[in-house]
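Nothing in this text is a laboratory measurement; each read-out follows from the coordinates by a stated rule. Please read all numbers here as calculations on a predicted model, not as lab measurements. All Cβ positions, glycine included, derive from the backbone under ideal geometry; neighbour counts span all protein chains shown.
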Amino acid sequence: MMISSSACKKWFMGGLLALGLYFFLPIFGLFLGQSILPAQGWPKPTENPAIFQRQLRAKIPSQLTASFLQVVTPDGAILDTLQLSNPQSPPQSYLIFFCGNNMAYKVRLPEFQKIIETIAPAIIAFDYRNVHYSQGRVYSKQELLNDGIAQVQRLLNAGVAAENITLHGLSLGGGLASLVAAHFHSQSPAQKVYLVADRTFPSLTDAVLGKVLPELGYSKARAPLRALGRAILKPFIQAILLMTNWEINCLEAYNRIPAQYKALITAKNDMIIDYQVASLEHGAINGGKVFHINDSYKGPSLHAHPLYGLKDEHGRDMLDNLITFMQH
């Protein structure tokens, strides 16, 4: 059977296109990742990590043990990791904190200390690859998921029971932590880690739409026009994120986790994750505890505000809600 020259030409052009996409999409994903994870652009506090560790130790109460670790992922990234614990009270549980997209773990130290003072878990905080002293490149969400999986797997390999591990992710970290938790729940046998998804989104597409055409603070009279704009933009944004493997479907992952193993924290006045457009709560979540930050809190700083000092809709301290959930 003879193959026509036109068919050969089509196959050849198709092959060239596929080859071009194979090399182009990771490069495009690398640059797109700079916007999705802008903390990659942060300058290091000091070029010498040992000096940074000494400076950080000086801010940690002497009664706590601070261990600086380098966690190596299966794909070769090296993650700057801090483990905090109270030597007077051996940890019965572990909390792994997943940072937001424009954050390094050092900014959450006061919150970590308050949690340790109350229920004495060990807290593990880390910077994603290519943030501060963590090493590795970020081409897509998969690299960030590998970072989170490596942190959980390290504890499992050390003999920590999955039920004693809680993943607490804020914003982008909430999306990543949801996917990591779902990954371990889907194993056979299931590794039943706990999840706290804090001020996060149903999908990264929704988060982008909530930033481009938000509802909070804008006229209700023009809400239909903004909704139409989001409907027009959504397939284009989603296509870009899917092609570059940057779409983070937090809702799908969250709904795969049994209700007793998950909790959601949300804020109606969140100016970063627009509550009406991009809150995970509006994604038809399937069970789990839901904690609402009191409506009296407003302003751009609310999104990344530590839980201590915030109240829920019933006047209860939000950090107490987290601690109660961790005690199962």
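Provide the net charge surrounding GLN238, with neighbours chosen by a C-beta distance below 13 Å and charges set as Lys +1, Arg +1, Asp -1, Glu -1. Display every interim value, and only then the final one.
Numbers: positive: ARG230, LYS234; negative: ASP206, GLU247.
Result for the local shell: 0.
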Report task. Using a 10 angstrom cutoff on alpha carbons, build the Gaussian network for the chain and name the most mobile of MET103, MET271, MET243. Result -> MET243
Query raised in the report: Taking the simple approach of a point 7 Å from Cα along Cα-to-Cβ for both GLN34 and HIS292, what is their distance in nm?
Result: 4.1 nm
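Among the trypsin sites (Lys or Arg not before Pro) within the range 214-322, which fall in a DSSP loop and have no more than 11 other Cβ atoms within 10 Å of their own Cβ?
On the way: sites: LYS220, ARG222, ARG226, ARG230, ARG256, LYS262, LYS268, LYS289, LYS298, LYS311, ARG316; in loops: ARG256, LYS268, LYS298, ARG316.
Taking the range 214-322 and a limit of 11 other Cβ atoms within 10 Å, no loop trypsin sites (Lys or Arg not before Pro) are found.
Could you size up the charge dipole of the chain around its Cα centre, putting +1 on the beta carbon of Lys and Arg and -1 on that of Asp and Glu, and report it in debye to the nearest 20? Could the numbers behind the result be given before it?
Working: 28 positive and 22 negative charges, 112 e Å.
In total the dipole reaches around 540 debye.
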Query raised in the report: Of GLY33, GLY136, GLY159, which is the most mobile in a GNM of the chain whose springs link Cα atoms less than 10 angstrom apart?
Result: GLY159
Query - Within-15-Å neighbourhood charge of GLN191 [Cβ basis; K, R +1; D, E -1] - result: +3
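Grab the beta carbon distance between ARG57 and ALA120, set R0 = 25 Å, and tell me the FRET efficiency rounded to 0.05. Can you show the working numbers first?
Values: r = 19 Å, r/R0 = 0.78.
With R0 = 25 Å, the Cβ-Cβ based efficiency is 0.80.
Taking the Cβ of ILE248 as the centre, find all other residues whose Cβ is under 11 Å away and add up their charges (Lys, Arg: +1; Asp, Glu: -1). If you can, show how the numbers build up before the last one.
On the way: positive: LYS141; negative: ASP206, GLU247, GLU252.
After counting each charged neighbour, the total is -2.
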Query raised in the report: Between the range 283-328 and the range 91-152, what is the C-alpha centre distance in whole Å?
Result: 19 Å
Report task. Output ³J(HN,Hα) for the range 249-265: one whole-Hz value per residue in order, computed from phi by the Karplus curve 6.51 cos²θ - 1.76 cosθ + 1.60 with θ = phi - 60°, and x for Gly and Pro. Result -> 8, 5, 4, 4, 5, 4, 6, 7, 9, x, 4, 6, 9, 9, 8, 10, 10
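Determine the calculated [θ] at 222 nm for the chain from helices alone, applying -39500 (n - 2.57) to every DSSP H run no shorter than 4 residues and normalising by the residue count; nearest 500 deg cm²/dmol.
Working: 10 runs with 132 residues, N = 328.
Helix contribution divided over all residues of the chain: -13000 deg cm²/dmol.
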**Report entry** Global geometry of the range 8-326, whether rounded, prolate or oblate, following the gyration tensor of its Cα atoms and the 1.5 cut on a/c
**Finding:** oblate
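Calculate the FRET efficiency for GLN135 and ALA239 from the Cβ-Cβ distance with a Förster distance of 25 Å, rounded to the nearest 0.05. Please report the intermediate quantities before stating the final value.
Working: r = 31 Å, r/R0 = 1.26.
Computed FRET efficiency for GLN135 and ALA239: 0.20.
Packing-wise, with mean Cβ within 10 Å as the measure, how do 137-146, 54-63 rank, highest first? Walk me through the intermediate numbers first.
On the way: 137-146: 19.9, 54-63: 11.5.
Put in order of decreasing packing, that is 137-146, 54-63.
Please go through the residue pairs LYS114/LYS234; LYS141/LYS234; LYS44/LYS289; LYS262/LYS311; LYS44/LYS268 and name each one whose alpha carbons sit more than 29 Å apart in this structure.
On the way: LYS114/LYS234 41 Å; LYS141/LYS234 19 Å; LYS44/LYS289 37 Å; LYS262/LYS311 20 Å; LYS44/LYS268 34 Å.
Beyond 29 Å between Cα atoms: LYS114/LYS234; LYS44/LYS289; LYS44/LYS268.
Let me make sure I get this right: for the range 237-321, a, b and c are the square roots of the gyration tensor eigenvalues over alpha carbons, sorted descending. Under 1.5 in a/c it's rounded, otherwise prolate if a/b > b/c, else oblate. Which is it? Provide the component values of the computation, followed by the final result.
Numbers: a/c = 2.48, a/b = 1.43, b/c = 1.73.
It comes out oblate by the Cα gyration axes.
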Requested in this report: May I ask what percent, to the nearest 5, of DSSP beta bridges between residues of the chain are antiparallel?
Outcome: 40 percent
